[in-house]
Each structure stands twice: as C-alpha cells, then as structure tokens.
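Here the structure comes first, spelled out in structure tokens, and everything after it is commentary.
The values are calculated or read from the model by the stated rules, or taken from the named source; none is laboratory data. Keep in mind the model is a prediction, meaning the values are calculated, not measured. Neighbour counts are summed over all protein chains in view; Cβ atoms, including those assigned to glycine, are modelled from backbone coordinates with ideal geometry.
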Amino acid sequence: MKSAGRRYDLSAGKWHSSSYSGGHNECVEIADGIPHLVPVRDSKNPTGPVIVFTHQAWRAFLATLC
C-alpha cells in the first residue's frame, strides 16, 4: 500500500464491516490491528485501493457524519 509517498504494511489488519451493513458486501470495511492507523476499503473490491486515516482524522470524519 502506498499513500503520499509512504508504504504501509496492512497484512496484520483484521478487516470487518459495520454491523449495520447487513452483511451484503455493499459498504466500507476498516482494519483493526494496524497501530496508529485506520485503513478503509470498499468491501466489493477487497484487493483495490485503501484509504489510510490517523485515528484522530477517522474520529473527525465520523463526527461529521452524525
């Protein structure tokens, strides 16, 4: 994974989607287990691009949704 000149090892991540998604692979997934980062991907394309947030940026993003 490369983002803004950085490479991240996401192999230790445990990907999961929200319990609100209904389990139909039509949402985003986040990965737990990556220190200091929150990787996010499209559940329909698990080998596709990943957006990587810091925990602070992820919390700010979620706060804007509510």
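Mind counting the residues in segment 21-41 that are in contact with a strand residue (DSSP E or B) (Cβ under 6 Å, 6 or more places away or on another chain) and not in a loop (DSSP other than H, G, I, E, B)?
Taking segment 21-41 and keeping what is in contact with a strand residue (DSSP E or B) (Cβ under 6 Å, 6 or more places away or on another chain), we get 27-33, 37-41.
Then drop every residue that is not not in a loop (DSSP other than H, G, I, E, B), which leaves 28-32, 37-41.
Selection size over segment 21-41: 10.
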Being free of Cβ contacts under 8 Å to residues at least 24 places away in the same chain and assigned to a strand (DSSP E or B) is the filter here, so list the residues in segment 52-66 that pass it.
53, 54
Tally of residues being over 20 Å from residue 59 (Cβ atoms) and β-branched (Val, Ile, Thr) across segment 6-48
1
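Yes/no per residue for (1) surrounded by 14 or more Cβ atoms within 10 Å (Cβ to Cβ); (2) at pLDDT 90 or above; (3) out of contact with any His (no Cβ under 7 Å at 6 or more places or on another chain):
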| position | (1), (2), (3) |
| --- | --- |
| 3 | no, no, yes |
| 8 | yes, no, yes |
| 16 | no, yes, yes |
| 20 | no, no, yes |
| 23 | no, no, yes |
| 27 | yes, no, yes |
| 31 | yes, yes, yes |
| 34 | yes, yes, yes |
| 41 | yes, yes, yes |
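Quickly run through segment 21-58 and pick out the residues that are over 23 Å from residue 9 (Cβ atoms) and either touching a Pro at 6+ places or on another chain (Cβ under 8 Å) or not hydrophobic (A, V, I, L, M, F, W, C) (or both). If you could, list the steps in order and put the result at the bottom.
Within segment 21-58, the first condition is being over 23 Å from residue 9 (Cβ atoms), and the residues that meet it are 21-27, 44.
Answer for segment 21-58, where residues must be over 23 Å from residue 9 (Cβ atoms) and either touching a Pro at 6+ places or on another chain (Cβ under 8 Å) or not hydrophobic (A, V, I, L, M, F, W, C) (or both): 21, 22, 23, 24, 25, 26, 44.
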